[in-house]
Amino acid sequence: MSGQPRGFERGTDGPKVIVAGVDGSESSLRAASYASGLARRQNALLALVYVRPLMTAGAAFGVPVADTTGEIAEGLVAEIRQATERVRGIWDVRWEFHTFRGDPYNGLVTAADELKADAVVVGASESAGHRIVGSVAVRLVKAGRWPVTVVP
């Protein structure tokens with residue numbers, strides 16, 4: 001070793017930041033639980049990420065969605081805080097909640113890059129349409145930039 005400082009290096013001593021994508025679905029909440037256990041065992045920071053959609057079909061017809069996506073994010077934070085309180089004293093996990101805007105794939109990529117994630121955990125897609133265009137999980141795996149765990 002030359003003693004020179006090196007740039008950021010992912011996963012050299014195990015994950016330090018684990019990103020878990022949450023959207024309120026059952027599979028995303030299972031993914032968050034799984035990621036929480038990983039973070040606890042690795043003493044890593046758990047970054048829970050909700051990606052707020054830029055525009056939905058309803059918005060195209062004048063239906064206000066900004067309030068709705070904000071309510072979803074607030075609801076997720078409340079649910080996560082309640083779950084944290086239930087396990088207080090059993091184990092503690094350092095966690096943060098982040099919101100990003102965009103489609104789920106690009107939002108999670110941005111989150112993982114900005115948070116310098118060592119690993120990404122997502123729930124398996126519950127949408128039949130993803131068999132045709134590809135799920136977020138498959139696209140993250142194909143990107144090959146982080147270890148990706150898909151929780152059923």
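The values are calculated or read from the model by the stated rules, or taken from the named source; none is laboratory data. From a predicted model like this one, the values you see are computed outputs, not experimental measurements. Glycine also receives a Cβ, built like all others from the backbone with ideal geometry; neighbour counts cover every protein chain displayed. These accessible areas exclude ligands, DNA and RNA; they are computed on the full protein's heavy atoms, side chains included. Shrake-Rupley method; radii C 1.70, N 1.55, O 1.52, S 1.80 Å.
Residues of the range 37-51 that are open to solvent by less than 40 Å² (accessible area, probe 1.4 Å), in contact (Cβ under 8 Å) with a residue 24 or more places away in the chain and in a helix (DSSP H, G or I): A39 alone. Restricting attention to the range 25-36, does a residue exist that is outside any helix (DSSP H, G or I), modelled with pLDDT of 65 or more and closer than 20 Å to G123 by Cα? Scanning the range 25-36 turns up at least one residue that is outside any helix (DSSP H, G or I), modelled with pLDDT of 65 or more and closer than 20 Å to G123 by Cα.
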